[in-house]
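Read-outs: derived from the displayed coordinates by stated rules, not from any lab. Note that the coordinates shown come from a computational prediction; the quantities given were computed from them, not determined experimentally. In this analysis, Cβ positions are derived from the backbone assuming ideal geometry, glycine residues included, and neighbour counts consider all displayed protein chains.
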Ligand SMILES: Nc1ncnc2c1ncn2[C@@H]1O[C@H](COP(=O)(O)OP(=O)(O)OP(=O)(O)O)[C@@H](O)[C@H]1O
Ligand SMILES: [Mg+2]
C-alpha cells in the first residue's frame, strides 16, 4: 500500500477527521489569520484524553481509540488548513502589537450536538509568524497545569474552556521558570471561541473598521443567540450555507448595543465565578479575554490558599496588577479598552452606559455564588449581603484556608444547627468576628422548612468540592511525573476533582 492510501484509510476510520467541521472563521476571509503548518514531533504519547467532551462532538468514547487522538492531535493528519489567528493586546497595561497565535492555531470548528459552535485550538503545535524568537512549544508541566485548571474550574461551575487532549511530544525545552531542559507537549483546547478582545484591538490598530464590523456580526450570530434571535438548541440544523458564505447577517445599532451589554454581564459573571471559586487567573491581558466571556489560558494561575485580596499568582506580576482581589477592576478596565475598537459599530455613550452596570452584575453574581457556597439560595438581599460580608471577615481574621473553611462547613453542617446555636462550629472559640457570623447563620436557618434545611446540605456538597487544586497538590503530582514518570497521581487527582 502506498503512503497516500495508508493515510486515506486512517482518515476515513478516524472519527475526529470526519467530524461536522464548519469553517465559520475561515469563511470570514484571510484578514484574520495565517495558514500555518503543524510541527512534526519525535514522540507522541497520549497523556490525557477528555472523554467527557466526546458526546458533545457526537462521539461515543468507547469508539474513539487513543490512536485516533494521536493521529488527529499529535500528527495533525487530515483537517487543514490550520489557522494562526491574528491578535494584539494590552499586556500589563501596555499595548503590544507583536502578538498572535505564536504556538497554536485553530485546528477546526465543530458544531456540537447541542447546536453550539466549538473551536478546537492547539497550544504547543509549532512556530508561526507570531512566534518571534520563541519555540512555538508548550511544556508538559504547562499542559498538565492547564488540563487540571480547566477541569477544576468546570467542577466549580466556572464558564471555562476545557482540554480535549494532551500529548507528550518528546522534545527538550528550555524555560526560565521551570528546571530545564523540560519535557514538551501539545494540547487541544475545546472552547467557545478563540476570538479575543485583542483580535478587535488589532483591527483598530490597523485601521480596519470594516473588518471590526464583519467580525462583530460573526460573533453575534454565532455566540449571542439572545441578541441575534437565532435559536441554539439541541436539534438545530447546520447553519444555512448562504449564511456562512455570504459573510453573515447585518445587525442594527440596537443589536450591537445589546451585544456589548451582554458581554459586560457575561464578563462580570465570569469574574464572580473566579472570585467565589478562589481562583486567580494571573494574566488577564486583553489577549487572554474571550469575546464570548469564557475563561481560558491557564498559565501561572493559582487557587488562593487563604482569603487575601492581595494574593498574586504570577512571579512576574511585580505590582500585583492581576492579584486575586483586582480581577473585577481589571476586567472592567479590559471592557473599557474594548470600547475603542467597538466604536466602529457601537455608539460610545451606549457602551459607557452598559459598562456602568458591571459592578452591579458582578456583586449580584458574587453574592449569589458565595451564598450557595454557604448553603443558601433566594435569601433576602440584605441578610445575604451581611452573611457574605461576615464570612469574608471570618476568613480574613482566622486565616483558615479559603477552601478548608467551606469544606469544614460542608462536613459539619447538620439540621440541628437550626435548634441550637452552640452546635455551630463548637470547637472554634467565639470572637468578635465569629459570634456575629454564627448568630446570623443560625438566624437564617430559622425560616427554613425541613425540606429546605435538607437542601442546605445538598448545596454545600455541590458548591464546595473536597479537592481543590492548591499549588502543593499540583507540584506533588508533577513531582511524580518528573521524577518517576508516574502518571497515576495525576489521573487520581482528575477523578477527585470531579467528585
Ligand atoms: N513558547 C512560545 N512560542 C511562541 N510563542 C509563544 C510562546 N509562548 C507564548 N507565546 C506567545 O506569546 C503571547 C502571549 O502568550 P500567552 O501565554 O498569553 O498565550 P498562550 O498561552 O501561548 O496562548 P493562549 O492564550 O491561547 O492560551 C501569545 O502571542 C503567544 O502565542
Ligand atoms: Mg494567552
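Could you line up 295, 422 from fewest to most neighbouring Cβ atoms inside 10 Å? Don't skip to the end; give the middle numbers.
Numbers: 295 26, 422 10.
Least crowded to most crowded, the residues run 422, 295.
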Bin width 10 Å, alpha-carbon pairs only: give the P(r) of region 406-460 as whole percents, running from 0 to the bin holding the largest distance.
-> 23, 60, 17, 0
For region 81-142, average projected area of the Cα convex hull in nm² = 5.9
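What number do you get for the chain when its Cα radius of gyration is normalised by 2.2 N^0.38 Å, N = residues? Walk me through the intermediate numbers first.
Numbers: Rg = 23.8 Å, N = 499, 2.2 N^0.38 = 23.3 Å.
Cα-based Rg divided by the globular estimate yields 1.02.
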Length-normalised contact order of region 12-102, Cα under 8 Å, at least 6 apart, in percent, tallies to 35
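Run the helix sum for the chain: -39,500 (n - 2.57) per DSSP H stretch of 4+ residues, divided by residue count, reported at 222 nm to the nearest 500 deg cm²/dmol. Mind showing how you got there, number by number?
Details: 17 runs with 213 residues, N = 499.
Result for the chain, helices only: -13500 deg cm²/dmol.
Kindly rank 461-469, 136-144 from highest to lowest mean number of other beta carbons found within 10 Å of each residue.
Order by mean packing, descending: 136-144, 461-469.
In terms of the ratio Rg/(2.2 N^0.38 Å) built on C-alpha atoms, what value belongs to region 409-499? Intermediate results must be reported in sequence, preceding the final value.
Details: Rg = 18.8 Å, N = 91, 2.2 N^0.38 = 12.2 Å.
Region 409-499 yields a ratio of 1.54.
Rank these for me by crowding, 346, 424, going from fewest to most other beta carbons within 10 Å. Display every interim value, and only then the final one.
Values: 346 23, 424 20.
So the ranking, lowest neighbour count to highest, is 424, 346.
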Tell me, what is the percent relative contact order of region 100-195, built from C-alpha pairs under 8 Å that lie six or more residues apart?
-> 30
How high is the relative contact order of the chain, in percent, with contacts defined as C-alpha pairs under 8 Å that are six or more residues apart?
-> 13
Euclidean distance of C-alpha centroids, region 117-154 and region 421-484, integer Å | 34
The exposure ranking of 228, 193, 431, fewest beta-carbon neighbours within 10 Å first, is 431, 228, 193
Run through all the Cα pairs of region 312-430 and give the fraction in each 5 Å bin from 0, expressed as whole percent.
-> 2, 8, 13, 16, 16, 13, 10, 9, 6, 4, 2, 1, 0
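Name the shape class, rounded, prolate or oblate, that the alpha-carbon gyration tensor gives for region 240-366, where a ≥ b ≥ c are the square roots of its eigenvalues, rounded holds for a/c under 1.5, and otherwise prolate holds if a/b is larger than b/c and oblate otherwise. Intermediate results must be reported in sequence, preceding the final value.
Values: a/c = 2.30, a/b = 1.85, b/c = 1.24.
Note, shape of region 240-366 comes out prolate.
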Quick one: length gained pulling residue 393 to residue 462 fully straight, 0.36 nm per residue minus the C-alpha distance?
-> 22.5 nm
Run the quick spin-label model on residue 177 and residue 353: label points 7 Å from Cα toward the beta carbon, then report their separation in nm to one decimal.
-> 4.2
Provide, in order from the shortest bin, the percent of all Cα-Cα pairs of region 266-316 in each 5 Å bin, continuing until the bin that contains the maximum pair distance.
-> 4, 21, 30, 26, 15, 4, 0
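Please work out the Kirkwood hydrodynamic radius for region 1-127, using every pair of different C-alpha atoms, and report it in angstroms with one decimal place. List each step's numbers first, then the result.
On the way: mean 1/r = 0.0621 Å⁻¹.
By the Kirkwood definition, the hydrodynamic radius is 16.1 Å.
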